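Chemist: Here it is, the structure, as structure tokens.
The values are calculated or read from the model by the stated rules, or taken from the named source; none is laboratory data. These numbers come from a predicted model, not from an experiment. Note: ideal-geometry Cβ built from the backbone for every residue, glycine included; neighbour counts use all protein chains shown.
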Amino acid sequence: MSVPTPRTGAPSADDLLILLAVARFGRFTRAAESLGINHTTISRRLSVLESQLGGRLLARSSGSWELTDLGHEAFLAAEQVETALNGLGPHPAGTSELRGLVRLSSTDGLSAYIVAPAVAEVQRTHPLLNVEIITATRRVLQHRSGLDIEIVVGKPQVHRAETLHLGDYVLGLYVSREYAANRGIPTTQAELASHPLVFYIDSMLHVDDLDSSRKSIPAGPSPLTSTNVFVHVEATRAGAGIGLLPCFMADRHDDLVRVMPGEVAARLAFWLVGRPESMRREAVRAVVEAIRIRMEDARGELLGIPSALGN
């Protein structure tokens, strides 16, 4: 059994804030960028902090840095330092200014129609808050270095993370009015086989729930595919085939007609995943809550309920 190294002195507040940044971003380079210093300074100051506290604060894990037990203790102290510093300076009576950077990943469509408006709402009250939105449709990352929040399709199986079911959405089949006039609208499962399907590229789709949705549709070959759902929508509008599209995106376009709504539909779920260190931040919690509220307000649109967009 190893004996902890005795602590050699009081840690610097600056060094604690460096640990805070590394814990949130998972990488020295991203932490250095956020703090305006170089990554060698990060490494040197954390070595000093570990010497002062008598043990390792970070452990390497699949390309990112994770907190040790001692690191968690130091992290809690660092949060108190950050809170105290953020409390300094003038604020309007009864308000607490949110600031700093929140970095999140979400799918293309949800980012545009739910996440971005939710973030804008938060920033109207807290103009010093910066948010970066990275769009990606993928499985949840097991190591979310550099991200505070991930929004994914399907229930995530993750360790050391907080998860939240944001809500469900529905995929439906759509064709353009021009396509329908030229090719007709299929009314049975058998007729679907003679129509091309516009959807994701099979070899690049790694989201099980989306893949299952595609396999449940007895449509023909897919001559036009893409990794971007906005391309799916526009290709369908241009008459490339029948699009398997999120209703909350397709129903915005009057030139699209839903096909067999009572027979063909796939209900999927959006889940939010956050690093525990990040989810403790007030700014991150504010963004999460704004997204959650907007998801609830848009429930009808997400589920493809007729006329929901007009309410």
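Chemist: Of the residues Y174, Y179, Y169, which single one is among the aromatic types (F, W, Y) and not in a strand (DSSP E or B)?
Modeler: Details: Y174 fails: not in a strand (DSSP E or B); Y169 fails: not in a strand (DSSP E or B).
The match here is Y179.
Chemist: Mind checking which residues of segment 108-132 are within 21 Å of W271 (Cβ to Cβ), of a type outside the set (A, V, I, L, M), in a helix (DSSP H, G or I) and without any contact (Cβ under 8 Å) to a residue 60 or more places away in the chain?
Modeler: Applying the first criterion (within 21 Å of W271 (Cβ to Cβ)) to segment 108-132 yields 108-119, 122, 131-132.
Then keep just the ones that are of a type outside the set (A, V, I, L, M); that gives 108-109, 111, 113, 117, 132.
Right, trim to in a helix (DSSP H, G or I) and you get 108-109, 111, 113, 117.
Result: S111, single match.
Chemist: Are any of the residues in segment 286-306 touching a Ser or Thr at 6+ places or on another chain (Cβ under 8 Å), in the same structural domain as N130 (by TED's automatic domain parsing), buried (at least 20 other Cβ atoms within 10 Å of the Cβ) and not basic (K, R)?
Modeler: Looking for residues that are touching a Ser or Thr at 6+ places or on another chain (Cβ under 8 Å), in the same structural domain as N130 (by TED's automatic domain parsing), buried (at least 20 other Cβ atoms within 10 Å of the Cβ) and not basic (K, R), one finds none in segment 286-306, hence no.
Chemist: Can you pull out the residues in segment 197-223 that are more than 24 Å from L302 (Cα to Cα) and surrounded by 15 or more Cβ atoms within 10 Å (Cβ to Cβ)?
Modeler: Residue satisfying the conditions is S222 alone.
Chemist: A further question follows. Looking at segment 182-192, which of its residues are surrounded by fewer than 14 Cβ atoms within 10 Å (Cβ to Cβ) and either part of a loop (DSSP other than H, G, I, E, B) or of a type in the set (D, E) (or both)? Write out each step before concluding.
Modeler: First pass over segment 182-192, keeping only residues surrounded by fewer than 14 Cβ atoms within 10 Å (Cβ to Cβ): 182, 184, 187-190.
Of everything in segment 182-192, those that are surrounded by fewer than 14 Cβ atoms within 10 Å (Cβ to Cβ) and either part of a loop (DSSP other than H, G, I, E, B) or of a type in the set (D, E) (or both) turn out to be G184, T187, T188.
Chemist: Further, regarding this structure: Considering each residue of segment 1-33, count those that are surrounded by fewer than 17 Cβ atoms within 10 Å (Cβ to Cβ) and either among the small types (G, A, S) or at pLDDT 90 or above (or both), and give that number. Break it down stepwise before answering.
Modeler: As a first pass, look at segment 1-33 and keep what is surrounded by fewer than 17 Cβ atoms within 10 Å (Cβ to Cβ): 1-10, 12-14, 29, 33.
Next cut, either among the small types (G, A, S) or at pLDDT 90 or above (or both) only: 2, 9-10, 12-14.
Number of matching residues: 6.
Chemist: Has segment 249-266 got any residue that is closer than 24 Å to A298 by Cβ, in contact with a helix residue (DSSP H, G or I) (Cβ under 7 Å, 6 or more places away or on another chain) and free of Cβ contacts under 8 Å to residues at least 40 places away in the same chain?
Modeler: The answer is yes, given that some residue of segment 249-266 is closer than 24 Å to A298 by Cβ, in contact with a helix residue (DSSP H, G or I) (Cβ under 7 Å, 6 or more places away or on another chain) and free of Cβ contacts under 8 Å to residues at least 40 places away in the same chain.
Chemist: Further question: Might you let me know whether segment 251-262 holds any residue that is closer than 30 Å to G26 by Cα and at pLDDT below 95? Steps first, answer last, please.
Modeler: Let us first name the residues in segment 251-262 that are closer than 30 Å to G26 by Cα, namely none.
No, every residue in segment 251-262 fails to be closer than 30 Å to G26 by Cα and at pLDDT below 95.
Chemist: Would you check which residues across segment 18-45 are touching a strand residue (DSSP E or B) at 6+ places or on another chain (Cβ under 7 Å), part of a helix (DSSP H, G or I) and not β-branched (V, I, T) and list them?
Modeler: Of all residues in segment 18-45, those touching a strand residue (DSSP E or B) at 6+ places or on another chain (Cβ under 7 Å) come to 22-23, 26-27, 34.
Restricting the remaining residues to those that are part of a helix (DSSP H, G or I) gives 22-23, 34.
Of everything in segment 18-45, those that are touching a strand residue (DSSP E or B) at 6+ places or on another chain (Cβ under 7 Å), part of a helix (DSSP H, G or I) and not β-branched (V, I, T) turn out to be A23, S34.
A quick yes/no check of all residues on (1) part of a helix (DSSP H, G or I); (2) within 30 Å of E79 (Cβ to Cβ); (3) not hydrophobic (A, V, I, L, M, F, W, C):
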{"residue": "I217", "(1), (2), (3)": "no, no, no"}
{"residue": "P223", "(1), (2), (3)": "no, no, yes"}
{"residue": "V233", "(1), (2), (3)": "yes, no, no"}
{"residue": "A240", "(1), (2), (3)": "no, no, no"}
{"residue": "L244", "(1), (2), (3)": "no, no, no"}
{"residue": "M249", "(1), (2), (3)": "yes, no, no"}
{"residue": "R285", "(1), (2), (3)": "yes, yes, yes"}
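Chemist: Based on what the data block shows, is G167 in contact (Cβ under 8 Å) with a residue 12 or more places away in the chain, at positive phi and buried (at least 16 other Cβ atoms within 10 Å of the Cβ)? Steps first, please.
Modeler: Numbers: in contact (Cβ under 8 Å) with a residue 12 or more places away in the chain: yes; at positive phi: yes; buried (at least 16 other Cβ atoms within 10 Å of the Cβ): yes.
Yes.
Chemist: Check off (1) surrounded by 15 or more Cβ atoms within 10 Å (Cβ to Cβ); (2) in contact (Cβ under 8 Å) with a residue 40 or more places away in the chain; (3) more than 30 Å from L147 (Cβ to Cβ); (4) not hydrophobic (A, V, I, L, M, F, W, C) for E178 and give me the number that stays unchecked.
Modeler: Result: E178 passes all but (1).
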